[in-house]
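Colleague: Below is a structure I'd like to ask you about.
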Amino acid sequence: MKLLSQLRTSTFQLALLYMVVFATSVFLLLAFIYWRTAGFMAAQTDETIEAEIAGLAEQYRGRGINGLITIIRERVAREPNAKSLYLVTTEDYMKLAGNLTVWPEGSQSQSGWINFTLDERVGWVGQPRLARARIFEVQGGLRLLVGRDIDDLTALKRVIEIAINWGMGITLGLALLGGFMISRSTTRRIEVINNTSRKIMNGHLSQRIPTRGTGDDFDQLAENLNQMLDRIVYLMEGIRHVSDSIAHDLRTPLTRLRNQLETTLMSVDNDEAREQAGRAVAEADQLLATFNALLRIARLETRGNAADMKPVSLALLVSDACELYEAVAEDKHQFFEQSLDDEAMIEGDRDLLFQMVSNLIDNAIKYTPQSGDIRVAVYREEAGTVFEVSDSGIGIPDDEKDNVFQRFYRVGKSRSLPGNGLGLSLVSAVAEIHQGRIELSDRNPGADNPGLTVRVVLPAFQEHSRRLKSAPARPEAEAAGDGDASSVAPRSQI
């Protein structure tokens, strides 16, 4: 898998492109060398044959046909296994002289050149060999063939072709290896930047990208990114300072104002004045709740993995949160169902997780009508541990599901209900700290009230889960009905 990801990197693809260009250049160079070398040797063979033909033509002009036949017979008798080939025949191909007995078969060019094989069919004794010759017609209807054995030339061409093929193979192999090594070196440095960036995104703002001190492009990039991070941290510290100042300068006066309004509410006797004072107290409470929620979200987003991570029983935590909201659900006559896996363990900050679970359950109760039903579940799957809240409320349109995690964003149907649009923002911040993800879907697609199903998938705490599997069954599991600690059964219904 790691090798496959290495091959998909842009640096390896760039090296692969360079390898193709380089291999093409090498191939063209070797092809040119082969063409020039083979062409030179073929031309040299043809020149040798032409020289012999010129010598025989001179003898023919001086001594006639009988003298030509005599010269050929002398040469054959002197070197019967020579590279030179001769054959003189009558018009009906009867041999008169030469070291071939039968006229060879083969395609003849317009200039009289012919390529053929030396074997027993032409009277050749020994291993078959390749030959090249030129054919003439002599006065009196005689035919003359003068040629050369070119088997050595052909063998040399094959050697050159094999050398070129091996050379191309070695070139491609070395280019591929070099591209892989270059890509690996580059990828390692990029991966260092990626790892550091991930740590910074997870909240470790003190991390910086290491440099090698070489002053190369990667060092310059790392230095620029580090300077950018320093600037971001400086600005974030300024924002945090402003937030602290707001907390000190505004929250306290708002609290005093709220207390004074409450005192006024208790002291007035006029019903209309009491009603107005009560509304003012409620508005002040809403302001304080919004202000506190904003500060909590800001702290979570800058907190990262600095949360107090410990093994947490998600089922027990959700059960406690459900117990907290039982009375609210009863007041609205809502059917509240729980299905909790007692062995579902995660590693996280219990306080933050409880806040996330409470927000989702509170939203489900708030947006579910009278006599509606709410289902809360905790279970395990391959992707991790899942906390799921499903309701039969007004739901969220598909085109707005990606926007509800923004601060102060509220769906059109819910604007008339109390709230400040910060609940899901807080849920998203807690899930991000725990490296989880949130999935929204309709419970009853197509219905007037499609409802909403919220799935929070969190990484499971594997080591603790294995210890639980080997431990005796817990009393709650036995009370669920079958005594099996691994079973998933409803814990309670309201």
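Colleague: Out of 391, 399, 351, I need the residue that is within 18 Å of residue 438 (Cβ to Cβ) and out of contact with any strand residue (DSSP E or B) (no Cβ under 8 Å at 6 or more places or on another chain). Which one? Before the answer, list the steps.
Modeller: Numbers: 391 fails: out of contact with any strand residue (DSSP E or B) (no Cβ under 8 Å at 6 or more places or on another chain); 351 fails: within 18 Å of residue 438 (Cβ to Cβ).
None of the other options fit; the residue is 399.
Colleague: Let me ask another. So, residue 382, is that one out of contact with any Cys (no Cβ under 7 Å at 6 or more places or on another chain), over 22 Å from residue 405 (Cα atoms), modelled with pLDDT under 85 and not small (Gly, Ala, Ser) or not?
Modeller: On the way: out of contact with any Cys (no Cβ under 7 Å at 6 or more places or on another chain): yes; over 22 Å from residue 405 (Cα atoms): yes; modelled with pLDDT under 85: yes; not small (Gly, Ala, Ser): yes.
In short, yes.
Colleague: Right, next: Here are 23, 31, 57: which of them is aliphatic (A, V, I, L, M) and without any contact (Cβ under 8 Å) to a residue 40 or more places away in the chain? Before you say what the answer is, go through the steps one by one.
Modeller: Numbers: 23 fails: without any contact (Cβ under 8 Å) to a residue 40 or more places away in the chain; 31 fails: without any contact (Cβ under 8 Å) to a residue 40 or more places away in the chain.
Answer to the selection: 57.
Colleague: Next up: Look through 181, 236 and report the one residue that is among the hydrophobic types (A, V, I, L, M, F, W, C), more than 30 Å from residue 33 (Cα to Cα) and free of Cβ contacts under 8 Å to residues at least 12 places away in the same chain.
Modeller: 181
Colleague: Also, quick follow-up: Please state which one of 356, 345 is at pLDDT 85 or above, under 30 Å from residue 236 (Cα atoms), under 33 Å from the mean Cα position of the chain (by Cα) and buried (at least 20 other Cβ atoms within 10 Å of the Cβ).
Modeller: On the way: 345 fails: under 30 Å from residue 236 (Cα atoms).
None of the other options fit; the residue is 356.
Colleague: Among the residues of segment 117-136, what is the count of those that are closer than 17 Å to residue 88 by Cα and either modelled with pLDDT of 80 or more or open to solvent by 60 Å² or more (accessible area, probe 1.4 Å) (or both)? Step through it out loud before you land on a result.
Modeller: We begin by selecting, within segment 117-136, every residue closer than 17 Å to residue 88 by Cα; these are 118, 121-124, 131-136.
Now narrow it down to the ones that are either modelled with pLDDT of 80 or more or open to solvent by 60 Å² or more (accessible area, probe 1.4 Å) (or both): 118, 121, 131-136.
Count: 8.
Colleague: What are the residue pairs meeting all of these: first residue in segment 324-339, first residue assigned to a loop (DSSP other than H, G, I, E, B), second residue of a type in the set (Ser, Thr, Tyr) and open to solvent by 50 Å² or more (accessible area, probe 1.4 Å), Cβ atoms under 8 Å, and 6 or more apart or on different chains?
Modeller: If the second residue must be of a type in the set (Ser, Thr, Tyr) and open to solvent by 50 Å² or more (accessible area, probe 1.4 Å), the pairs left are 332/371; 333/371; 334/371.
Colleague: Sort out which residues of segment 259-292 are among the charged types (D, E, K, R) and closer than 25 Å to residue 355 by Cα, and write them in order of number.
Modeller: 283, 285
Colleague: Given the condition open to solvent by 60 Å² or more (accessible area, probe 1.4 Å), in a helix (DSSP H, G or I), over 30 Å from residue 20 (Cα atoms) and in contact with a helix residue (DSSP H, G or I) (Cβ under 9 Å, 6 or more places away or on another chain), answer yes or no: does some residue in segment 191-200 qualify?
Modeller: Yes: one or more hits.
Colleague: Give just the number: which of (1) loosely packed, with under 15 Cβ neighbours inside 10 Å; (2) of a type outside the set (Gly, Ala, Ser); (3) touching a strand residue (DSSP E or B) at 6+ places or on another chain (Cβ under 9 Å); (4) in a helix (DSSP H, G or I) does residue 170 not satisfy?
Modeller: It is condition (3) that residue 170 fails.
Colleague: Ok, one more. Every residue in segment 103-115 that is touching a strand residue (DSSP E or B) at 6+ places or on another chain (Cβ under 8 Å) and part of a loop (DSSP other than H, G, I, E, B), please. Walk me through it before giving the result.
Modeller: First, the residues of segment 103-115 that are touching a strand residue (DSSP E or B) at 6+ places or on another chain (Cβ under 8 Å): 103-108, 111-115.
Across segment 103-115, the qualifying residues are 103, 104, 105, 106, 107, 111, 112.
The values are calculated or read from the model by the stated rules, or taken from the named source; none is laboratory data. Because the structure is a prediction, the values reported are computed rather than measured. Note that we place each Cβ from the backbone using ideal geometry, even for glycine, and neighbour counts take in every protein chain shown. The protein model used for the area step is the full one, side chains on, heavy atoms only, and it has no ligands, DNA or RNA in it. Shrake-Rupley method; radii C 1.70, N 1.55, O 1.52, S 1.80 Å.
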